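This report concerns only the one structure given below.
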Amino acid sequence: MLEQETRQQIRDMLERFVAEELIPAEAEMAANKAVPDHLITKMADMGLFGLSVPSEWGGLGMTLEEEVEVLLILCRASLSFRSVLGINNGVGSYGILVHGSDEQRARHLSRLASGEEIASFCLTEPDFGSDAASIRTRATRDGDSWVLNGTKRYITNAPHAGVFTIIARTDPNSTNHKGLSAFLVERGTPGLEVGATDEKMGLVGSHTADVILNNCRIPAESMLGQEGDGFKIAMSALERGRIGIAASAAGMSRRLIDEAIAYAQTRTTFGKPIADHQLIQAMIADSETEAFAAESMIMESARRYDAGQDCSREASCCKLFATEAVGRIADRTLQIFGGAGYMRDYPIEQLYRDVRVLRIYEGTSQIQQLIIAKNLLKQGASSMRRK
Ligand SMILES: Cc1cc2nc3c(=O)[nH]c(=O)nc-3n(C[C@H](O)[C@H](O)[C@H](O)COP(=O)(O)OP(=O)(O)OC[C@H]3O[C@@H](n4cnc5c(N)ncnc54)[C@H](O)[C@@H]3O)c2cc1C
């Protein structure tokens, strides 16, 4: 846990960085479909690639609550910036930190925390996304090696990654989550190929691609955790990650509300600023209410997570609510901008396209609904008295 003063200093520094460097770079980033190198270097120098990595490996060693505070500020700028470092902080380092061997931690965590190495997390396949327990990528034991075959789809940062966490089926007789294991595969390993970069609707500064495994032979010690632990590792990484995605949505919600207020106070219709029209005020008020609700539930869930409580239901509630809310907030902001909101001269149309994916990756809204309902139904009607 950081000192209050240090937390405040980090927040102040980030607010300046976002306002003075990231937001002004959004148009250039969108035009070039890449985050400028000097900003990646600056984010690495600020320690943003290693928020959650403990200080013994050069990270900032933040609690989830502290990390969420960072994301709420960082994600006021285009979500592409966060995407560049999001996997290193989340699903790409969590498995190594919690389940990795001493050697795996020593080899990767410092490099991930400094941004020298980029991580990818490979679960989704062409035929299996939501139904992740059914994936077909195979890992076959052969002496002191595992041999991997299969294709992973839409893998964030795959074009830049140095280390890939790959979930594969080690028990050929299983068809569910029990037969899955996790592996660390390094770039350059023969048999691992990264496909062409995907053309996406938004988040254009962040790159996804297929990861193709064709008789990719790796040493037996490349397994993360124990054989059969793959699904558990993936789901625990995603549980933490979902609170992070929710915080990204809430950070962007704040930005969209700021944009809406600034525009509404300067644009005039019928002889007065549109901010004076009560129908515009209603849209701003609805957006603020949803943003405040999202921030509150995210902070509370992060505190519970840090206290060691099981937070799978809370994480799904946060992701479901905050990502659906930012969709509505982006839509209202665009409406407040009128025709200008539809044009590329203003940032709103880019931000509107970017936020759409938040309801899809790391578990769609429907999957969050299923997790929440399953969790509640399992507990029965006494759930309200649980905490
Ligand atoms: C930009 C981007 C980056 C990504 N990065 C990564 C990454 O780094 N690593 C990775 O592994 N994956 C990544 N993904 C993949 C992402 O996690 C999946 O797209 C997501 O989990 C949904 O899977 P799917 O696309 O196969 O949709 P499907 O599973 O085919 O679902 C299609 C629709 O059916 C709904 N649905 C499915 N099952 C049910 C059900 N039981 N009840 C009700 N509705 C249901 C879904 O909610 C969805 O609306 C990324 C995706 C995108 C777009």
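Residues that are open to solvent by less than 20 Å² (accessible area, probe 1.4 Å) and at pLDDT below 95: does segment 240-262 have at least one? Scanning segment 240-262, I find at least one residue that is open to solvent by less than 20 Å² (accessible area, probe 1.4 Å) and at pLDDT below 95, so the answer is yes. Of the set (1) open to solvent by 60 Å² or more (accessible area, probe 1.4 Å); (2) over 22 Å from the mean Cα position of the chain (by Cα), all apply to Arg187 but (2). Taking the numbered list (1) part of a helix (DSSP H, G or I); (2) open to solvent by less than 70 Å² (accessible area, probe 1.4 Å) in turn, Arg356 passes all entries but (2).
The set of residues in segment 359-387 that are more than 30 Å from Ala25 (Cα to Cα), within 12 Å of the ligand (Cβ to nearest atom) and part of a loop (DSSP other than H, G, I, E, B) is empty.
Just name the residue that is surrounded by the most Cβ atoms within 10 Å (Cβ to Cβ) out of those in segment 292-311 that are more than 21 Å from Asp258 (Cα to Cα) and among the hydroxyl-bearing types (Ser, Thr, Tyr). Filtering first and then ranking leaves Ser301. Being open to solvent by 40 Å² or more (accessible area, probe 1.4 Å) and under 22 Å from the mean Cα position of the chain (by Cα) is a property that Asp12 lacks.
Applying the selection to segment 77-93, what residues are in contact with a Leu (Cβ under 8 Å, 6 or more places away or on another chain) and not polar (S, T, N, Q)? It would help to see each step written out before you state the result.
Initially, segment 77-93 is screened for residues in contact with a Leu (Cβ under 8 Å, 6 or more places away or on another chain), giving 77-83, 85, 88-89, 91-93.
If the condition is that a residue be in contact with a Leu (Cβ under 8 Å, 6 or more places away or on another chain) and not polar (S, T, N, Q), then Ala77, Leu79, Phe81, Arg82, Leu85, Val91, Gly92 are the ones that fit.
Of the listed requirements (1) in contact with a strand residue (DSSP E or B) (Cβ under 9 Å, 6 or more places away or on another chain); (2) at pLDDT 95 or above, Tyr305 misses just one: (1).
Looking only at residues of segment 323-344 that are part of a helix (DSSP H, G or I) and without any contact (Cβ under 8 Å) to a residue 12 or more places away in the chain, we find that the one that is surrounded by the most Cβ atoms within 10 Å (Cβ to Cβ) is Gly341. Every condition in (1) in contact with a helix residue (DSSP H, G or I) (Cβ under 7 Å, 6 or more places away or on another chain); (2) without any contact (Cβ under 8 Å) to a residue 12 or more places away in the chain is met by Ser296 except one, and the failing one is (1). Looking at the structure I just gave you, is Thr266 assigned by TED's automatic domain parsing to the domain that holds Ile371, at pLDDT 95 or above, open to solvent by 10 Å² or more (accessible area, probe 1.4 Å) and of a type in the set (Ser, Thr, Tyr)? So Thr266 passes the test.
Being open to solvent by less than 40 Å² (accessible area, probe 1.4 Å), not basic (Lys, Arg) and not assigned by TED's automatic domain parsing to the domain that holds Leu358 holds for only one residue in Val98, Val53, and it is Val53.
Against the definition (out of contact with any helix residue (DSSP H, G or I) (no Cβ under 9 Å at 6 or more places or on another chain), of a type in the set (Val, Ile, Thr), open to solvent by 10 Å² or more (accessible area, probe 1.4 Å) and not assigned by TED's automatic domain parsing to the domain that holds Glu314), how does Thr63 come out, yes or no? First the steps, then the outcome.
Working: out of contact with any helix residue (DSSP H, G or I) (no Cβ under 9 Å at 6 or more places or on another chain): no; of a type in the set (Val, Ile, Thr): yes; open to solvent by 10 Å² or more (accessible area, probe 1.4 Å): yes; not assigned by TED's automatic domain parsing to the domain that holds Glu314: yes.
No.
With respect to the conditions (1) in a helix (DSSP H, G or I); (2) in contact (Cβ under 8 Å) with a residue 12 or more places away in the chain, Arg16 falls short on a single one, namely (2). Segment 107-226 holds strands (runs of 3 or more DSSP E) entirely within its bounds, and those carrying 2 or more residues that are among the β-branched types (Val, Ile, Thr) and within 16 Å of the ligand (Cβ to nearest atom) map to 145-156, 163-169, 208-219.
The values are calculated or read from the model by the stated rules, or taken from the named source; none is laboratory data. Remember, predicted model here, so these are calculated numbers, not experimental data. With ideal geometry, Cβ positions are generated from the backbone for all residues, glycine too; neighbour counts draw on all protein chains shown. The area values use the complete protein model at the heavy-atom level, side chains included, leaving out ligands, DNA and RNA. Shrake-Rupley method; radii C 1.70, N 1.55, O 1.52, S 1.80 Å.
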